[in-house]
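Contents: one structure, followed by commentary.
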Amino acid sequence: MGMTIWIRGARLKTLPLAIAPVLIGASLAWRDAGERRVAVAVLCGFVALLLQIAANFANDYSDGIRGTDAGRAIADEQLSRGPARLVASGVNPKKVLVAAGICALAACLCGLAVIALTGYWWFILVGIACLAACWCYVGGKHPYGYHYLGEIFVFIFFGLVATCGTMFALSGTITPDGLLGGSAAGLVAVAVLCVNNLRDIESDGNHGKHTWMTAMGLRNGTIFTIAILIISALIALRHLLQSSIYAANGIPLIAIIAILCAAQIAASYAIARKTYRRALPLCSLDSLTVAAIFVLSTMLA
């Protein structure tokens, strides 16, 4: 169970949320990027992925020692509403914290490589802000994830920062489309967090973890989560319909819209049915569908 439990602790189902904004930012900047665009884009992807995994381990550590993840052991997974967690399964919390640190360090090394290739040394400040956001979500004495701020920070860092940071690293500019693309990615990331918090709404309330879902309640929270998924799709469709693909590629256009609609319907249905174990990966994969709109719009234009 050694390696398997660590892979599960990395929460692979959430990793599309890290890839999607990088794909959006890279696609929007690709034509204006320099000769090192492949290396910079790949490094940006590794930064996002490693920070996501570091945040997952850090959250597991912090929630585990607080008792928020009580009952999330692998042995009790079928009885629990949520997936198993490392600390709750008996893994030494210090080892989980070390794993988070190793992933964060690897992300920093990739980030320094981006800085070396682009010359944008102020990216160090962005990196520090990202690390602080990863830790302070549920770590420290006053975690913002316990005080209604998790959704806001997820939107900012998993949406705007990741997308616009990638775009700027490649082209040196941030356009309105970059902000809209970042917003679309950020909204999907917020939806995934909301699904997570809808599933845990009872236990979060019992442990003093205040989220938008504990404030809205199950019914309103469900409506809100589906609504922001729809808004993210509309932003992507707006970008698609404003690109030249709309006039020149009728069949690809219909196919892309059909795939996006199918992904949205599947995720929304799972949320409405309260089948959160299905809804979470569906919403996470939906971020890749939204990203594909931006990528294909650029490729086929």
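Here each label is just a point 7 Å from Cα along the line to Cβ, and for R273 and L112 those points are 4.9 nm apart. With the simple spin-label model, which puts each label point 7 Å out from Cα in the Cβ direction, the I257 to L105 separation comes to 5.2 nm. Each of C261, C134, C194 has its accessible area taken with a 1.4 Å probe; listed largest first, they run C261, C134, C194. Highest mobility in the GNM of the chain, judged by mean-square fluctuation with C-alpha springs under 10 Å and restricted to A100, A263, A132, is found for A132.
Of the solvent-accessible surface of the chain, computed with a 1.4 Å probe and all protein chains present, 70% belongs to carbon and sulfur.
Under the 0.36 nm per residue contour assumption, what length would be gained going from the current alpha-carbon distance of M3 and K95 to full extension?
Between M3 and K95, full extension yields an extra 31.8 nm.
Please list the helices of the chain that count as membrane-span-like by this rule: a mean Kyte-Doolittle hydropathy of at least 0.0 together with Cα atoms stretching 27 Å or more along the helix axis, each helix being a complete DSSP H run. Qualifying helices: 37-66, 93-118, 176-199, 212-242, 250-272, 276-300.
Working note: Debye formula, equal point scatterers on the alpha-carbon atoms of the stretch 173-215, no solvent; log10 I(q)/I(0) at q = 0.18, 0.25, 0.29 Å⁻¹ is -0.57, -0.77, -0.91. For the stretch 153-271, the solvent-accessible area with a 1.4 angstrom probe is 41 square angstrom per residue. What whole-number distance in Å separates the alpha-carbon centres of the stretch 155-219 and the stretch 251-301? Using only Cα atoms, the two centres lie 16 Å from each other. Remark: spin-label model distance R31-W122 equals 2.7 nm, labels positioned 7 Å along the Cα→Cβ axis. The list (1) 31, 24, 16; (2) 28, 23, 19; (3) 23, 22, 21 gives values of semi-axes √(5λ) of the Cα gyration tensor in Å, and only one came from this structure; which label was calculated from it? Read-out taken from this structure: (1).
The values are calculated or read from the model by the stated rules, or taken from the named source; none is laboratory data. Computed from a predicted structure; not experimentally measured. Glycine also receives a Cβ, built like all others from the backbone with ideal geometry; neighbour counts cover every protein chain displayed. Ligands, DNA and RNA are excluded from the accessible area calculation, which covers all protein heavy atoms including side chains. Shrake-Rupley method; radii C 1.70, N 1.55, O 1.52, S 1.80 Å.
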